[in-house]
């Protein structure tokens, strides 16, 4: 399926999808996930409706071609995993000197769409690609997940907790969008 400027679309049919989903990846690949039974006309209308957004994201990611953050392989994950775990552990320990939260373990994963996560069991997970981010953005991600140990939500209390160690919170949150691995 093609759109203006010959943008190529990879169409993935899914039995599990409930609605149309559009993603532009950092390598400029455009993927549309289509739920079972969706008509070709509906898919084409959806693409036309989102065409400006698609072009904007493809143009944005084009400027990063051949840069560090791109779609990566399992081999990249294996190569950088221990370095990322060391960095994440050091930064969690550094910020936790201020917060003093209890946590279970720190893990590094090869997630497609998340920089980090925190479980109710006190496990903190990070994407190995955090090692490629600027220091301020990395620290924000670390503190974000660390603060979920106290506030397992995104309430005002949660954001106030983060801002105690990340005073430039809103600027960093805005800049994080530049570094997203997947734009949805």
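The values are calculated or read from the model by the stated rules, or taken from the named source; none is laboratory data. Keep in mind that what you see is a predicted model, and the values were worked out from it rather than measured. With ideal geometry, Cβ positions are generated from the backbone for all residues, glycine too; neighbour counts draw on all protein chains shown.
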Practice item. Examine the range 110-117 for a residue that is farther than 25 Å from residue 163 by Cβ, at pLDDT 95 or above and surrounded by fewer than 15 Cβ atoms within 10 Å (Cβ to Cβ), and state whether such a residue exists. Key: no
Point to revise | Single unsatisfied condition, residue 61 versus (1) in a helix (DSSP H, G or I); (2) crowded, with 17+ Cβ neighbours inside 10 Å; (3) at pLDDT 80 or above; (4) touching a strand residue (DSSP E or B) at 6+ places or on another chain (Cβ under 8 Å) | key: (3)
Check your understanding: Given the residues 150, 112, which is the only one that is under 13 Å from the mean Cα position of the chain (by Cα) and either assigned by TED's automatic domain parsing to the domain that holds residue 22 or not in a helix (DSSP H, G or I) (or both)?
Key -> 112
Review point. Among 45, 12, which is outside the structural domain of residue 132 (by TED's automatic domain parsing), assigned to a helix (DSSP H, G or I), loosely packed, with under 13 Cβ neighbours inside 10 Å and at pLDDT 85 or above?
Key: 45
**Study point:** Residues (surrounded by 15 or more Cβ atoms within 10 Å (Cβ to Cβ) and over 20 Å from the mean Cα position of the chain (by Cα)) located in the range 153-173
**Key:** 161, 165
Practice item. For residue 166, state whether it is assigned by TED's automatic domain parsing to the domain that holds residue 84 and at pLDDT below 95. Key: yes
